[in-house]
Amino acid sequence: MYQPSSRSRRDGEWKKEVGGGGQVLDLETAVKDGILGGGGGMVATGEKLDLKTMIERLDSIEVPSVFICPISLEPMQDPVTLCTGQTYERSNILKWFNLGHLTCPTTMQELWDTSITPNNTLSHLIYTWFSQKYLAMKKKSEDVQGRGLEILEVLKKKVKGQARVQSLKELRQIVNTHDSVKKTVAENGGIGLLCSLLGPFTSHAVGSEAIGILVKLDLDSEWKKNLVEPAKVSLMVDMLNEGSIETKINCAKMIEMLMEGKEFDSESFSSLSLLVGLLRLVKDKKHPNGVLAGFRLLKLVSSYEGVSSSLVSIGGVPQIVELLPNLNTECMEFALYVLEALSSLPEGKMSLKDCPNTIPNMVKLLMRVSENCTQLALTVLWGVCEISPEECAPIAVDAGLAAKLLLVIQSGCNPVLKQRSAELLKLCSLNYTATLFISKCKLTRTIQ
């Protein structure tokens, strides 16, 4: 939806505030003086521009409120005026009439005349304004594409030191802000050039800028194969541990992108250094984007048995469990996927059992975040209670598990989830008489 600029309406007539002095002009004056349209409404181009296309391309800019239809809050393409003096998009006001309304939507006055009059002056003004904005944007886009080519040419000359870093930094900035430059870089040898800059002797200053550009581009299988070379992966892992927060996020995203490709070999990303870097990233509460990027990649790497075993060995389980209460919904789901994967390993189950907050934190998540999170938490709880029911069941019951499980069983959750809940409830009750179990469950009268 467009953000209209400030407006005022008096006696049914559109007015526009301009200038620092708060001067108010009516529409005719605005057209005459070129305040909204500029240059008397002339567009200096031989190209016939489609208004609908221009509006779509310029959807993020602030549009004068006089151009906005009061019904749809979108720029008008075919403005028409009612007898009340109010102007609307033709299709919108006709829909209003077709619903049986015989009033002005803005003023709610009864219409003494339902005819509509094309507002040609406003229509011309809208077209002129959008044309000028569109052409300015197009020129700017062409300018940045040209600048992107210039930077590529500089980098091809193998400039070194600070000059190389500055060139890469500028290229990264324009790639991040202009989609058109991404295509320019890709079509003019930019991907190969950036990949060639990465290696065992690449400085982190150069590497972080190159990865910051590459992660924004569409890489085909050949370039992904190039980037999974050991020396380049090692550089990314080093920067994930030692770079700025932006560099860490970009490296995590790049590794995730590479791991999802057919060229991926799990051994390339099985280093303990990668896992340590990811655990540091997900514990950085100051940077939520980093936490999300870290958990996304942890979910991916934990699906490989060799890597997940390493994650358990470096103490990943208790660190992730302790983070659960403070995670947002999206990160929470990724974290639970990781713990579920680790709970499939014998050493993972033992680590989860030995962590004092595993059961309480999992119980709190049941029926609280989402059905998917409930299912993941149940899987973890089942794995923990299964290996040591005598030790874990009392802790789970004291944490309120029984009541939560009964709620799951009575809810509209999927049958598999209900079945798992019933099995876990039975497992937790084995060491109790029925009366004692019910007394310990802290159930409400309704649930009993």
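The values are calculated or read from the model by the stated rules, or taken from the named source; none is laboratory data. This structure is a prediction, so every number in the text was calculated from the model and none was measured. When we count neighbours, we look across all protein chains shown, and the Cβ atoms used for this are built from the backbone with ideal geometry, even at glycine. Keep in mind that these areas ignore ligands, DNA and RNA; they rest on the heavy atoms of the full protein, side chains included. Shrake-Rupley method; radii C 1.70, N 1.55, O 1.52, S 1.80 Å.
For region 414-425, backbone phi angles converted through the Karplus equation (6.51, -1.76, 1.60; θ = phi - 60°) give residue-by-residue couplings of 5, x, 4, 5, 5, 5, 4, 5, 5, 5, 5, 4 Hz, Gly and Pro being listed as x. Shown is the FRET efficiency for Glu423 and Ser270, computed with R0 = 30 Å from the Cβ-Cβ distance and rounded to the nearest 0.05: 0.30. For Val63, the amide hydrogen comes within under 5 Å of the amide hydrogens of Gln3, Ser5, counting only partners 5 or more places away or on other chains and with H modelled in the peptide plane.
With the highest mean first, a sort of the peptides 48-57, 324-333, 126-135 on other beta-carbon atoms found within 10 angstrom per residue produces 126-135, 324-333, 48-57.
So for each of 363-376, 334-347 I average, over its residues, the number of other beta carbons within 10 Å; can you give me the resulting order with the highest mean first? All intermediate terms of the calculation are to be shown ahead of the outcome.
On the way: 363-376: 18.4, 334-347: 20.5.
Answer by packing, highest mean first, reads 334-347, 363-376.
For region 124-167, the residue among Ala163, Thr128, Gly148 whose Cα projects farthest onto the positive side of the dipole built from Cβ charges is Ala163. Full extension of the chain segment joining Thr53 with Leu430 gains 128.9 nm, where the gain is 0.36 nm per residue of separation less the Cα-Cα distance.
Ranked by the mean number of other Cβ atoms within 10 Å of their residues, highest first, the peptides 229-240, 290-301 come out as 290-301, 229-240. Among the protein heavy atoms of region 207-349, carbon and sulfur supply 47% of the accessible surface, probe 1.4 Å, non-protein parts ignored. Each residue of region 68-78 is assigned a 3J(HN,Hα), and the resulting list reads 8, 6, x, 7, 8, 6, 10, x, 7, 10, 9 Hz, derived from the Karplus form 6.51 cos²θ - 1.76 cosθ + 1.60 (θ = phi - 60°), x at Gly and Pro.
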